[in-house]
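The values are calculated or read from the model by the stated rules, or taken from the named source; none is laboratory data. Please read these numbers as outputs of a predicted model, since none were measured by experiment. Methodologically, a virtual Cβ is constructed for each residue, glycine included, from the backbone with ideal geometry; neighbour enumeration extends over all protein chains shown.
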């Protein structure tokens, strides 16, 4: 009994264990009454603890009691199938208990009363049992048969005691009493043998176990409210799927409603599969390809090929093994590298580096290929250094160190910095050394030229020539000594050097010869007239200048200055030359030379004149030469007309104002060619005619319009306009008598703040005037009034994709039209918002789920036959918005 | 071609086949005639008013508002008829709707030189004080006023490209201007009663009985004589005009009209979308409708029409003067002082408290003004260095600027 009780206590719920309990109860030994009392007291104690437990115990107690009755009922078979009836009872008790659960006594009472109330038959049973027991004992004694026999008898008797059959019309006694109600379990009993019983039973048990008191339903209004809320949330979430297609529709510049023209073929394979040969050629090809024989042969061949492909098992294994080996080797190598990389010891790394260096050195010396590679690497490094200046203490670290001062650093840092610098120097120095061989020649050449150019006298030239000769010889000698150590000692370098040397040798020899020949020439010419030397030297200079146009300009300039300074002398020389021109013929050479020089130097743009001069000089018939000398200051020009005819010189120099030299010259030209009366301009001037007084005409005009001083008027007008837009600040005035009585005013003058204000206002005005478009146009007034009507033709703010005003303005200047665009793009540009083919029914927009992982075009989203085009280009107003309340398609 | 004589004779000639279409007498002085949007209509400035006639010589309208008009011009893209009358009043009339678009007084006296710039439809007027003014219908004041000559302006003409203007003054000067920079390019001496540019940029100058054609041979706008033609002595050339798409110059002189050939003056290739000499009536009607649909509003007339559609130029801020600002501040302070004060209990509306609160209110009212003042000053300070930076390099070249070496 106690055991059953304990088991009950551990189990929380009743019905699940109910069957077991009944079994336990069957087996359970009967406790002595003393023990039972103990248990009772325990129960009461438990009941103190909590209601739950109390309930539990109550039922226990009850069941415990019941167990007795059951046992009793055991004897009377009638109760056997209706075990559960007994179990149902506690529910009622529970209710009773609930009503009086404050009191322990009450519980006891209740239980007692229960037991009392629990039908009078119990007491009767007890009595009966007693009598039956006695009777059985008596029978046993008499017959010597076991009590069981009589027991059965008794059972039989019990059954018999029921005189009427049990049915719903004849309810059993306890049902009539009201506490033995028909339960689901009762109803289930007849189904026990049926198929779905166990399942049903389980379900019911579950239901019962979970039985919780049902709450009263909430009011309908509230319920609906909640329903609506949930529905709203749900649809809200659901409706977001429309956002994208609708947005796309709205932003689309054009929506097409057209019949969906399905091209049908989606892939090349699909197209190819539908291919049927049509032309003769195709048919022939087809017959060949699909020829049964050919196919057969191909198949057979394939089979044979497969046979050939067979690989022996050993081969495969070998291959696999080798692969595995390689892999493991690689892995090991990797691991090793990793380990080495992880080593932090500096000395180790240093040693490693040294080793590597040594190895590479040896390799370089032995293997030319490796050496080349190394050189390439070095070159690359150098180039990098040049590019990045990495070792020039440009790094943040170095900068910081420098900022703090080198003195503040410890030994290591200082060393590191200096080492970096060294490295940089090293890298860059090497670069020089590499280039030296090629660049030195050039520089020396340049030097020579530089020295040669400035002085043009023959002595200098000869000197230079000799110098050059000496130099080249020296170079040849020194070149032999060069390069016995360092990189130059390398074999490939040596080879290269040799080649170079040979070339240089040849060159130098040529140069020496050249020098010698020219020296000789010089000596010859020195004997001739000095003036001619001058010309020759001059020619030489300019010839050189033409050969090397990149040569410094100042050199030629200096030459010019020389010429300018002794231009007088030159003039004379020219005269001399003119006189004995017939004999010499040197003039023809000289004059074009002069012209060249002038053309190069002059910036007055009067080339045509000079060319004409050239022409005149070149053909000897007219015998007229024009000499134009430009003086160092280009402010004025000398036009010399020299008519050399029959040895009589006629000089007439016309000096013209420098204002419009070109025009004047042109006029001079015109004089020669045409002598019409009607010149467009009033200037008619020629050497022979009397001079036209230019200013007199202006005077005349001035005199004619003397009455109206238009300019002044205009100025006044402009000032008025300006003042209208920004009025001139008033002069600082003081109220008369203000502060005068103290004489302070008189002493100090107007207060400084007043003056300051006035000054600032004045400055402001000037600034704003300066900003005007017509600020430096004296004769123009540009209205700066802003017209509101015009403002609407401008964009108010920068449209979205543009970030700069200039870009936008430029884009607006791009013309749009059939003249500037191909037909297709123009059609796209001015496509209407909605394109609908007549007769096409616009269906509402439909939504199709698209699997994002599936790579399909988005077209499906938009519905079956709907195309949306987004044009970004040129649409000024940005994307046109199409309203789609009922979306289209 | 429409011709009109000073004595009131108006004639319409088809220049393709030199047929006289219509000729009639208006019996009063006709000062100017101009075709409207097509050859079916023309306006004639007569003694008192300008009139509009059609091809048959039927008078359609009398534009009384214009007064005694001296010169007429038609802006064909805007459908505006512009006129300047004896009193220097400039009228713009819309010929489609008939409304008077603008009516401005030039204030510079009688003016009988008027030309429209074909590029931007800005109207140029030459005045007797040597000024040239340029007008548009939306501005009551001239866009440009420039002093071109010391004497009265006798003639002016615009290059079809819109960048050149030629003016002639009574003081024996002919000037060629760059009207983008408003600077004189070249000055020549000579008289001109009338000036006209051809489609290819030849400049016809008529003075006295002489007509000269100048050409810009070098391409640097330096015009020089190309041709010259002299009429019989005593004929006075009144007007020269080039025939579009032909190498013909028509001269109107005191004895009638004559035409001379000027090689290379007209555009050899005509664009039938722009002007079709061989237009059928149907095409003409079509074109009329199209041009009416494409009519531009008068606001679109501006010096630089490429500016249309660009971003609005930054408007000069309406800066209040100091006095105004101070007045505004005073007003705010006044209102803060006058503001109603709540009555509070528990000693919270003691006089001292109230005073303090009032002071706070005043400070609060002042605050925005002071802040703005501070801001302005700061901006001024900030602006100065910025200006220097801008001066350094234009935006497009800044990317080439050498980065500061670090």
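Quick notes on this structure:
- Just one of the listed residues (A:374, A:296, A:384) is surrounded by 10 or more Cβ atoms within 10 Å (Cβ to Cβ) and either more than 30 Å from residue A:493 (Cβ to Cβ) or in contact with a strand residue (DSSP E or B) (Cβ under 6 Å, 6 or more places away or on another chain) (or both), and it is A:296.
- Top-ranked residue of segment A:803-817 - restricted to ones that are over 20 Å from residue A:828 (Cβ atoms) and part of a loop (DSSP other than H, G, I, E, B), ranked as farthest from the other protein chains (Cβ to nearest Cβ): A:803
- The single residue among B:337, B:358, B:322, B:366 that is within 14 Å of chain A (Cβ to nearest Cβ) and either more than 45 Å from the chain's Cα centre (by Cα) or farther than 30 Å from residue B:142 by Cβ (or both) turns out to be B:322.
- Number of the condition not met by residue A:800 [criteria: (1) in a loop (DSSP other than H, G, I, E, B); (2) more than 8 Å from chain B (Cβ to nearest Cβ); (3) modelled with pLDDT of 85 or more]: (3)
- If you go through segment B:89-114 and keep only what is within 22 Å of residue B:173 (Cα to Cα) and within 13 Å of chain A (Cβ to nearest Cβ), you end up with B:108, B:109.
- Hits in segment B:277-317 (condition: within 30 Å of residue A:810 (Cα to Cα), outside any helix (DSSP H, G or I) and more than 10 Å from chain A (Cβ to nearest Cβ)): B:294, B:295, B:296, B:304, B:317
- In segment B:115-148, residue surrounded by the most Cβ atoms within 10 Å (Cβ to Cβ) [restricted to those that are more than 10 Å from every other protein chain (Cβ to nearest Cβ), over 8 Å from the mean Cα position of the chain (by Cα) and outside any loop (DSSP other than H, G, I, E, B)]: B:126
- Matching residues in segment A:802-817 - criterion: being surrounded by 10 or more Cβ atoms within 10 Å (Cβ to Cβ) and free of Cβ contacts under 8 Å to residues at least 12 places away in the same chain: A:802, A:804, A:805, A:806, A:807, A:809, A:810, A:813
- Which listed residue, of B:190, B:206, B:219, is within 12 Å of chain A (Cβ to nearest Cβ) and over 30 Å from residue B:100 (Cα atoms): B:190
- Of residues in segment B:149-171 being in a loop (DSSP other than H, G, I, E, B) and within 13 Å of another protein chain (Cβ to nearest Cβ), the one nearest to residue B:221 (Cα to Cα): B:149
- Residue within segment B:325-340 that is out of contact with any strand residue (DSSP E or B) (no Cβ under 6 Å at 6 or more places or on another chain) and in a loop (DSSP other than H, G, I, E, B) present: yes
- Residue in segment A:823-845 that is touching a helix residue (DSSP H, G or I) at 6+ places or on another chain (Cβ under 9 Å), more than 14 Å from every other protein chain (Cβ to nearest Cβ), more than 28 Å from residue A:244 (Cα to Cα) and part of a loop (DSSP other than H, G, I, E, B) present: no
- Single match in A:754, A:719 (criterion: at pLDDT 65 or above, under 25 Å from residue B:136 (Cβ atoms) and in a helix (DSSP H, G or I)): A:719
- Only one entry of A:351, A:308 meets the criterion of being farther than 24 Å from residue A:272 by Cα and at pLDDT 90 or above, and that entry is A:351.
- Scanning segment B:44-61 for residues that are without any contact (Cβ under 8 Å) to a residue 40 or more places away in the chain and closer than 15 Å to residue B:8 by Cβ yields a total of 8.
- Residue A:790 meets each of the listed conditions (1) more than 7 Å from chain B (Cβ to nearest Cβ); (2) in a helix (DSSP H, G or I) apart from (1).
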